[in-house]
Protein chains: 2
Amino acid sequence: MPQLQNRQVKLAARPVGNPKREDFSFETAQVAPLEDGEVLVRVSHLSLDPAMRGWMNAGRSYIPPVELGEVMRAGGAGEVVESRHDAFRPGDQVTGITGVQQYAAIKGERLQKVDTARVPLESYLGGLGMPGMTAYFGLLDVCAMKEGDTVVVSGAAGAVGSIVGQLARIKGGRAIGIAGGADKCRFVVEELGFDACVDYKSEDVAKRLRELCPDRINVYFDNVGGEILDICLAQIAFHGRIGICGAISQYNSTTGFRGPANYMSLLVNRARMEGFVVFDFAKRYGEAVAAMAGWMAEGKLKVKEHVVEAPVDQFVETLGKLFAGENLGKMVMKIG
Amino acid sequence: MPQLQNRQVKLAARPVGNPKREDFSFETAQVAPLEDGEVLVRVSHLSLDPAMRGWMNAGRSYIPPVELGEVMRAGGAGEVVESRHDAFRPGDQVTGITGVQQYAAIKGERLQKVDTARVPLESYLGGLGMPGMTAYFGLLDVCAMKEGDTVVVSGAAGAVGSIVGQLARIKGGRAIGIAGGADKCRFVVEELGFDACVDYKSEDVAKRLRELCPDRINVYFDNVGGEILDICLAQIAFHGRIGICGAISQYNSTTGFRGPANYMSLLVNRARMEGFVVFDFAKRYGEAVAAMAGWMAEGKLKVKEHVVEAPVDQFVETLGKLFAGENLGKMVMKIG
């Protein structure tokens, strides 16, 4: 095999506010010979996630931060080009934590082989990947959603939110989305089948939710934090459940996190607010993938990836589109 | 029976900030003849609770607000002076929602007869009353405290907090209190047997908690809200539980509630924050009273009432002592 050149994007500085190009370095390295048990993947797709912003920060979190000088962490998918692991052969399609680079050498144990005969590779970064798992376990386990529940989800046009609402309907509940802009709201209602969607950019969210949820909110699945979390807290139902999945409205804040001032509504309504991280459910991913693939085959669940093709050097600009809310569905960068 | 004069304290205005004398009216009425099923109680003790501040506000809460012109709501205890209910006779000692007044006519179904042979009447407003029930169900049910847990409780010298820490020790955990002032901290550790108590008025709470809880906080029982809630959120353990019982630091705020900016620690630590109201456990009060009375008899549980004797007209000033944090243990006003 000829010596491969690997273009890599490394974290060079801890961003303040929105990540900028200067916070990263762009380097070309030669791919080193594989060690025993390793697999070399040519990365074709990168998963762009709000959580990446947190990984760039120093300090204790649910996983260690990306160190300065380290290749930026990212979930990815691609094709095996060389293998020193018995379970993988060149040509296999795989997903794993590849990082933002063209080639990744990864221990076989940390790769998942996927079947792209009926499902495109990028769906394994979306509906059948982390966002799908997050929606499934977050809604059904953490929020303990039951038939008849009114479920409100923010980031409703995003990777996780778009699935949460559809699962809520599949499970016999009402799904109310919150998203930014008429296009997203139309997508959520007309293409994904939510009962309704509130446009936080043009509507009075509190007023619209009161109209749409006259019996209040049984489950609020929070992807955004900030003011919308406070509004939903105020309208939470008796014994309601709030799942804290993310807080994209706050990640780039330079003035600190906004705390939910209405949290005493938890007391008034005997409600709970619980955080979770999808990795904790890893042993049960098989259950979720089987269920979701089944609903997809029946046409009940639509997963949508928003694929942006760009050279790996455009990582920062492409991630910026995610924080600017330009995506419908799961944001995927196809390395062009 | 001669016509009885009843001195009553009625809510006259919705307080802004600390309740003031002008927010109440002080009136004398004649006690009306009892209706069938009613019992007339001469109120000797009033329970003074942080929750009273919330009852003075308009708007939806876990119980309706006290209306303007209505006798101020209060739990109380006293002696039956007349009865038109089969289950009660003059001389019986009872507790119930008496209101801030000298005499209360109450339906028999809403009164509890208590045995004062071995336990003083005021204890039925404290350890064996609502505060005791709140501590018991809040710690053991809502916070699901387990053996070996490190339990932190704020308002540790107060009615509920003083019991929470003792129950935590009885159940095989460590009890760390947070209270204001050296006297309270000494009381909590030396008289009640907590493992330690942090003086938030003179110590760096975050630093002291890190020292006292090197393996972080499994259960935080919150009576105060504000900055201390934020500090405990930041130090919550993996799968930790925060019980929201009250927020005395915020009740008299005129600038709105402070939301816990560190709530994303719930996600990082897969932790939950849950609100509760003791009334929901009413069917199980018997279980708690039996357990607590047993521990009291064994000397494992000490309940302390802070009894202030004053005429009923001094209600506002006496309640002010509670919000000023002058009480050690349950604040009870003995109507003098």
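Key figures
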| read-out | value |
| --- | --- |
| The stretch B:130-279 shape via C-alpha gyration tensor axes, a/c threshold 1.5 | rounded |
| Per-copy distances of the B:Glu147 label point, shortest first, in nm (7 angstrom along Cα→Cβ) | 4.1 |
| For chain B, calculated [θ]222 nm from helices alone, where every DSSP H run of n ≥ 4 adds -39500 (n - 2.57) | -5500 deg cm²/dmol |
| Other-copy label distances relative to B:Ala291, 7 angstrom Cα-Cβ extension, nm | 3.3 |
| Average Cα contact separation per residue, the stretch A:1-89, under 8 Å, 6 or more apart, as relative contact order % | 35 |
| Max mean-square fluctuation residue, GNM over chain B, Cα-Cα springs under 10 Å, options B:Arg53, B:Arg208, B:Arg14 | B:Arg208 |
| Dipole of the stretch B:197-313, positive direction: furthest Cα of B:Gly240, B:Val205, B:Gly226, with charges on the beta-carbon | B:Gly240 |
| Cβ-derived FRET efficiency at R0 35 Å, B:Arg210 paired with A:Ala29, nearest 0.05 | 0.30 |
| Residue-count net charge about A:His239 - beta-carbon cut-off 9 Å; Lys, Arg +1, Asp, Glu -1 | +3 |
| Per-residue mean of C-beta atoms belonging to partner chains within 10 Å, peptide B:54-64 | 2 |
| Max mean-square fluctuation residue, GNM over chain B, Cα-Cα springs under 10 Å, options B:Ile106, B:Ile217, B:Ile242 | B:Ile106 |
| Mean Cα-pair separation over length for the stretch B:130-279, i.e. relative contact order, pairs under 8 Å, 6 or more apart, % | 22 |
| 5 angstrom amide H check on B:Val198, placed H, neighbours 5+ away | B:Gly177, B:Ile178, B:Ala179 |
| The stretch A:130-279 - charge dipole about Cα centre, Lys and Arg +1 at Cβ, Asp and Glu -1, debye rounded to 20 | 260 |
| log10 of Debye I(q)/I(0), alpha-carbon scatterers only, for the protein assembly as shown at 0.08, 0.09, 0.12 Å⁻¹ | -0.69, -0.83, -1.22 |
| Fluctuation leader among A:Gly226, A:Gly286, A:Gly76 - chain A, Gaussian network, Cα springs under 10 angstrom | A:Gly286 |
| Antiparallel bridges, percent of DSSP beta bridges restricted to the stretch B:130-279 (to nearest 5) | 0 |
| Segments B:35-41, A:254-260 sorted - mean Cβ within 10 Å per residue, highest first | B:35-41, A:254-260 |
| Surrounding net charge for B:Gly225, when Lys and Arg each add one and Asp and Glu each subtract one, Cβ distance under 14 Å | -1 |
| 7 Å along Cα→Cβ, label-point gaps from A:Glu203 to other copies, nm, shortest first | 5.0 |
| Unit charges at the beta carbon, dipole of chain B: most positive-side option, B:Pro90, B:Ala144, B:Leu125 | B:Ala144 |
| Closest Cβ on chain A to the rotation axis that carries it onto B (distance rounded to whole Å) | A:Gly259, 2 |
| Cβ neighbours within 10 Å from other chains - mean over A:273-283 | 4 |
| Protection-proxy order for peptides A:172-178, B:56-62, each taking the mean of Cβ atoms within 10 Å per residue, highest first | A:172-178, B:56-62 |
| Isolated Cys residues of the protein assembly as shown, judged by Cβ distance under 4.7 Å to other cysteines | A:Cys143, A:Cys213, A:Cys232, A:Cys245, B:Cys143, B:Cys213, B:Cys232, B:Cys245 |
| Projected area averaged over orientations for chain B, convex hull of C-alpha atoms, nm² | 16.8 |
| Inter-chain shielding of B:234-243 (mean C-beta neighbours from other protein chains, 10 Å cut-off) | 1 |
| Segments B:3-11, A:77-85, B:243-251, A:155-163 sorted - mean Cβ within 10 Å per residue, highest first | A:155-163, B:243-251, A:77-85, B:3-11 |
| Hydrodynamic radius of the stretch B:214-336 per Kirkwood, over alpha carbon pairs, in Å | 17.2 |
| 3J(HN,Hα) from dihedral phi, the stretch A:153-166, Karplus parametrisation 6.51/-1.76/1.60, rounded to Hz, x for glycine, proline | 9, 8, x, 5, 8, x, 4, 7, x, 4, 7, 3, x, 5 |
| Counting DSSP beta bridges with both ends in the protein assembly as shown, the antiparallel % (nearest 5) | 55 |
| Whole-Hz ³J(HN,Hα) from phi, Karplus 6.51 cos²θ - 1.76 cosθ + 1.60, for the stretch B:311-321, glycine and proline x | x, 4, 5, 8, 3, 5, 5, 6, 4, x, 4 |
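Bear in mind that the values in this text are calculations on the coordinates, not laboratory data. Computed from a predicted model, the values in this text were never measured in an experiment. Counting neighbours? That spans all protein chains shown, and the Cβs are built from the backbone with ideal geometry, glycine included.
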